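Quick notes on the structure that follows.
Taken together, the values in this text are just the output of simple stated rules run on the coordinates, not laboratory data. Here the structure is a predicted model, which is why all the values come from computation and not from measurement. In this analysis, Cβ positions are derived from the backbone assuming ideal geometry, glycine residues included, and neighbour counts consider all displayed protein chains.
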Amino acid sequence: MTAPIPVPALPSGVDPAWLPPAAFRPLGSRRTLISGTGPLVDTVHGEVAGASDRFGGQVLRDGQEPGASYDLVLELGDDDSDELGDEGFALVRADGVTRVTAAGQRGLLYGLFHVVRLGEAAFQGERARELHRPALALRMLDHWDNVAVHPVMGQVERGYSGGSLFWQDGRARGSREELERVRCYGRLLAASGINAIAVNNVNVHGAEAHLLTDRIGEVAAIADALRPYGIRTHLSVSFAAPVVLGGLPTADPLDEAVRDWWAEVTGRVYEAIPDFGGYVVKADSEGQPGPFTYGRSHAEGANLLAAALAPHSGTVHWRAFVYNHRQDWRDRSTDRARAAYDHFAPLDGAFAPNAVLQVKHGPMDFQTREPVSPVIGAMPDTRLAVEIQATQEYTGQQRHVCWLGPMWSEALRFRPEGQEGPSVGDLVRGGGLVAVSSAGDDPYWTGHPLAQANLYAVGRLAWRPDADPRAALDEWIELTFAPEETADPARLRSGLHAVLDGSWRTYEKYTAPLGVGFMVQPGHHYGPSVDGYEYSPWGTYHFADRDGIGVDRSQATGTGFAGQYAKPWAEVYESPATCPDELLLFFHHVPYGHVLRSGETVIQHIYDTHFDGVAEVEEARRVWAGLADLVEPARHARAAERYEEQLRSAREWRDHINTYFFRKSGVPDARGRLIH
Ligand code: GCU
């Protein structure tokens, strides 16, 4: 009989996040049978054994005690394998027994965590057979972690949660405790449904390039720590690796020697990590090397790596974030929003079957509000993944509460061809959902304790892109805060919903208005600077003058970006009369007196939302303070401290934005409030 794999120990002081020991009480106090063999079954066994030790239950493996009775059966069986797939499971409760059946080991693991989520409810009454299967096969986190501290970006690019979980000062973290924490991280992620991780930044600098070859052993150690929780490891690689690491004169994707080099190196990667997931590539983007250097297309570039990975069943994730970042602001003919579509849509059908094109959810860059990228509706013959950003680069950097579930859900439920057509969630079935990770070595994993909700939601929405994000939030609240164990469960639940539910819209209200984006401080992207990016080479302009604001992306008079959408969206976005208010300035340049669909003028909307946004933060801070008796003190104090900063920053945003537009437009606030 195989031994259970013990539940990893959290370093002291690290928050268990959504897997507190108490969440295992209902399961741990009962009798469980585990049937099946394999390393992940041993992990499941370890989880139940750990819970049973703590809560007085009992766990047996198949055949240990014939004829005994159980409250819970977790079994591997191949009868329903077509229906269940490798990751699905069936749940049924009859005659006092809760039964989880999976055909694959990952499915059993997910079934276990589902029982944990259900808590006592998993053991009550009868339950007709339910089938649970992930809609997306790939549910991934990309870590933008650097091995060596980058002089500008630090250890983690756009990281707001301390250092990297994997790397420190040029080396892999390799102590027992550090690898144990990586395993805990894998456990947390598996409990939300994540099954893949890329362990280094898409911007591959000098030291990081070597992970592919002479430093692959360091990646293998991370992969070993994540494997027991069903998480496959991926690596970001440099397209120039054959030159930089292999000493070849070229990285041309059509060069034989280059192809051989990739094939050989990839073979060695798989010797070190037999279940390696594949490569992530940022090419010809923001200074990274790529196929354009050799006059080759991005399909040719991606297919080079796909060919090297194919014999090992690996996948290349090729990012569509390709645009001109050396633009002249005087040049009105270039539109960054158009770039991904212009580059990639003509290549539909040209990518290898194991190449996934990874597309940011919006056409620009993870702004607070963007339309869905038109690329997603335009490449039916390409495997697509949609990329979202859990790390809050443009949404408050984990100093502001900004629950992103509703934003991601809107993107995943968007239907590029209108109501009759498939949703984004449907269109990315072949490639999956990828989120830039927000986790680091911070004791709360995500810096702001309430930002954990976003990380949790990535996995849950990847499992079911059409799910109501509120359900994911409810789960996270129940698991993390255990309201039933507090003096006032109802007040705790409603307080948490009050501070989280509308927080994205609150953030939107006090920052850049009506979808215009990029009014942030250049470089680090925190705090307001209305013209910070206005005369820069990055292609991020709002064109505000004394008369109006916004970017004309119509087909009739603008950059033509609106025409990259299919109907009905091309028509909806084309006219200010039909464009949704929240995207108006993304698509149109309008006078300040333009009347929105809401009936308000643009300028008055700007004033109102900025005053309201700050008032909403004041209210959230008050509600949070009122939960002090129901939340663990350290967690409460950490968030309370961050609310002070959020409020300071929100006021700063309000005053910068309102003052800027008051001075530009000369239009006074209809309600006579103080604008400086
Ligand atoms: C943003 C971000 C960069 C990142 C880039 C990317 O521009 O600011 O730090 O490298 O996205 O997605 O590649």
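Can you give the FRET efficiency for residue 332 and residue 95, using 1/(1 + (r/R0)^6), R0 = 60 Å, r = Cβ-Cβ distance, to the nearest 0.05? Let's see the in-between values first.
Details: r = 72 Å, r/R0 = 1.19.
Once rounded, the FRET efficiency stands at 0.25.
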Distance from region 185-235 to region 628-676 (C-alpha centre basis), Å:
39
Cα centre as origin, Lys/Arg/Asp/Glu Cβ charges: region 249-389 dipole, Debye:
460
Starting at the first residue of region 157-174, write each ³J(HN,Hα) from the Karplus equation 6.51 cos²θ - 1.76 cosθ + 1.60 with θ = phi - 60°, in whole Hz, x for Gly and Pro.
5, 6, x, 10, 9, x, x, 7, 6, 10, 10, 8, 6, x, 9, 6, 6, x
What share of the DSSP beta bridges in the chain is antiparallel, in percent to the nearest 5?
30
Compute the helix-to-body angle for 256-272: its Cα long axis versus the longest principal axis of the chain, expressed 0 to 90° and rounded to tens.
40
0 to 90° range, to nearest 10: angle between helix 176-192 axis and the chain longest Cα axis
80
Taking region 227-349 and dividing mean pair separation by its residue count, relative contact order in percent (alpha carbons under 8 Å, at least six apart):
25
Run down the aspartates and glutamates and flag those whose C-alpha is under 15 Å from the C-alpha of residue 282, throwing out any fewer than 8 positions away in its chain.
142, 145, 157, 208, 300, 365, 387
Do you know the relative contact order of the chain, to the nearest whole percent, from alpha carbon pairs under 8 angstrom that are 6+ apart?
11
Return the sequence-ordered ³J(HN,Hα) values of region 137-143 in whole Hz as given by the Karplus equation 6.51 cos²θ - 1.76 cosθ + 1.60 applied to θ = phi - 60°, using x for Gly and Pro.
6, 10, 10, 10, 10, 9, 8
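Report Rg/Rh for region 21-132, rounded to two decimals, where Rg is the Cα radius of gyration and Rh the Kirkwood radius.
On the way: Rg = 12.6 Å, Rh = 13.6 Å.
Looking at region 21-132, the ratio lands at 0.93.
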Reciprocal of mean inverse Cα separation for the chain (Kirkwood radius, Å):
26.1
Positive end of the dipole of the chain, charges at C-beta (+1 Lys, Arg; -1 Asp, Glu), about the Cα centre: which of 435, 347, 623 has its Cα farthest in that direction?
623
Pairwise label distance in nanometres, residue 497 with residue 120, each label 7 Å out on the Cα-Cβ vector:
2.0
Against the longest principal axis of the chain, how steep is helix 39-55, in degrees 0 to 90 to the nearest 10, with axes from Cα atoms?
80
Name the long-range amide H neighbours of residue 155: under 5 Å, sequence gap of 5 or more, or other chain; modelled H, no Pro or chain starts.
150
Along the charge dipole of the chain, pointing to its positive end and built from +1/-1 on Cβ of Lys, Arg, Asp and Glu, which listed residue (563, 41, 668) has its Cα farthest out?
668
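Need the full-extension length gain, residue 80 to residue 137, defined as separation in residues times 0.36 nm minus the C-alpha distance. One decimal, nm.
Numbers: separation 57, 0.36 × 57 = 20.52 nm, distance 1.82 nm.
In short, 18.7 nm is gained.
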Checked against the positive end of the charge dipole of the chain (+1 on Cβ of Lys and Arg, -1 on Cβ of Asp and Glu, about the Cα centre), the farthest of 483, 143, 406 is 483
Under a straight-distance cross-link criterion of Cα-Cα below 17 Å, which aspartates and glutamates are reachable from residue 567, leaving out those fewer than 8 residues away in the same chain?
417, 420
Derived scalar couplings ³J(HN,Hα) [region 549-558; Karplus, 6.51 cos²θ - 1.76 cosθ + 1.60; whole Hz; x for Gly, Pro]:
8, x, 10, 7, 10, 6, 7, 5, 10, x
Debye-sum result for region 105-253 in log10 I(q)/I(0), which assumes one identical scatterer on each alpha carbon, at q = 0.18 Å⁻¹
-1.06
Using 14 Å as the cut-off for backbone N distance, which residues of region 187-220 belong to the label zone defined by a point 7 Å from the Cα of residue 14 along Cα→Cβ?
187-190
For residue 664, which lysines qualify as cross-link partners when the Cα separation must be under 23 Å and same-chain residues fewer than eight apart are set aside?
509
About its Cα centre, how strong a charge dipole does region 21-132 have in debye, to the nearest 20, once Lys and Arg get +1 and Asp and Glu get -1 at the Cβ?
560
Over region 127-253, what is the mean sequence separation of C-alpha contacts under 8 Å (at least six apart), divided by residue count, expressed as relative contact order in percent?
25
Can you compute the charge dipole magnitude of the chain about its Cα centre, using +1 on each Lys and Arg Cβ and -1 on each Asp and Glu Cβ, nothing else charged? Give it in debye, rounded to the nearest 20.
820
Using a/c under 1.5 as the rounded threshold, could you call region 152-202 rounded, prolate or oblate? The axes a ≥ b ≥ c are square roots of the C-alpha gyration tensor eigenvalues, and prolate needs a/b larger than b/c, oblate otherwise.
oblate
If you take the beta carbon distance between residue 176 and residue 129 as r and set R0 to 45 Å, what does 1/(1 + (r/R0)^6) give as a FRET efficiency, to the nearest 0.05?
0.60
Whole-number Å³ per residue for the convex hull built on Cα positions in region 85-160:
124
Could you list which residues have their amide H under 5 Å from that of residue 196, counting only those 5 or more apart in sequence or on another chain, with H placed in the peptide plane?
139, 141, 232
What percent antiparallel are the DSSP beta bridges of region 21-132, to the nearest 5?
45
